[in-house]
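The values are calculated or read from the model by the stated rules, or taken from the named source; none is laboratory data. Everything numeric in this text was worked out from a predicted model, so none of it was measured. All Cβ positions, even for glycine, are placed from backbone atoms using ideal geometry, and neighbour counts span all protein chains on display. Side chains are part of the model used for accessible areas, which takes the heavy atoms of the whole protein and leaves out ligands, DNA and RNA. Shrake-Rupley method; radii C 1.70, N 1.55, O 1.52, S 1.80 Å.
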Amino acid sequence: MDIAIDIIIRIMGVGASLLLLVILLAGAARPSLKIPLAGLVIGGASYLINSSGLAGSDLPFRRLIDLLSLITPFWIWLFARRLFERAPPRWLLALLGLTYLIGWSLAHFVDAGNGPGFYIIHFTSLALVADLIYVALSGLVDDLVYRRRLIRIYLPILIGLQSGGILIYELIFGNQDTNALVQTVNGILILALILFGGLALLRTDPDLLMMTDDRNSDEPKASSLSPSETVLKDKLRDAMANGVYRETGITIRSLAVHLDTPEHRLRNMINQKLGHRNFSSFLNGYRIDEAKEKLADRNLVDLPILTIAMDLGYNSLAPFNRAFRAETGITPSDFRKAQIDQ
């Protein structure tokens with residue numbers, strides 16, 4: 001009976017994966033998310049096949065199916081990173097791809113390489129799961145997109161239970177363990193993960209899957225604001241004009257307290273009315289504008305860039321440099337040189 005249930009769940013998972021793949025190819029999600037979503041769907045289906053009792057060693061393309069299933073955590077991690085606008089650098093993607101390929105090759109083509117390959121793949125995947133959970137939860141307070149905030153909460157739980165749980169289980173008991181209950185629960189979690197991806201595609205939200213850049217419109221049309229929103233907008237504008245953005249460690253919660261307004265109303269104002277997806281991007285707009293003024297001021301040419309960064313509320317030089325480069329495309333020192341040389 002347990003075996004029959006497990007088979008039914010796996011067939012449902014593979015079928016849902018094929019359907020989602022078709023929807024994905026025809027959907028409106030941006031390409032940077034389509035690729036990891038496709039990898040997640042194909043990898044999930046491959047894992048359901050690869051880990052089933054029906055997948056014998058003589059299955060055609062068994063090694064390819066094994067590779068596709070092994071790199072599923074990578075695609076989940078990449079999808080989450082891009083969804084949360086923390087896209088990893090290309091060199092890291094290349095390094096991870098090479099690591100998985102080495103682990104898979106050792107397990108399949110090198111005598112006595114199954115053990116090392118097994119541990120390389122599992123520890124790499126566990127590191128990605130841990131990073132996904134950290135990125136999701138660490139950005140929760142800063143994120144202004146409501147549905148994405150929800151995803152930051154329940155996606156780590158689902159990934160932790162499925163990918164993290166099965167990776168740890170296999171490290172302890174080996175990947176040859178065929179406990180029926182564990183396999184069934186794992187199949188259910190994979191099906192839930194695939195359905196989660198399907199829900200995101202079927203309910204395509206422009207703020208989630210189609211748009212990545214802030215609209216940066218700090219002056220919404222008056223007709224689009226209610227009287228209470230107009231008052232809040234004016235209070236927010238006055239606070240920014242008075243330099244509240246320079247406070248070190250300021251959060252949307254502390255700003256809401258400063259403005260004497262509920263936090264959810266302030267989040268809605270900055271996200272829905274002013275068009276910012278993250279609170280940090282809202283602050284950086286003001287901070288970088290002031291930084292550019294100081295860097296272009298000949299009377300402040302000897303003022304250290306670190307001092308400017310600290311005066312604007314940054315804890316160190318590195319986050320200031322990243323924010324400045326994201327806004328202008330060049331470093332603060334290059335910007336100063338270009339302005340002073342004019």
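Listed values, structure above:
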{"quantity": "Where the range 94-152 is the region considered: accessible area per residue in Å², 1.4 Å probe", "calculated": "48 Å²"}
{"quantity": "Label-point gap, in nm, between Ser224 and Ala127 - each point 7 angstrom along Cα→Cβ", "calculated": "4.4 nm"}
{"quantity": "Carbon and sulfur %, accessible surface of the range 32-167 computed with the full protein complex present, 1.4 Å", "calculated": "71 percent"}
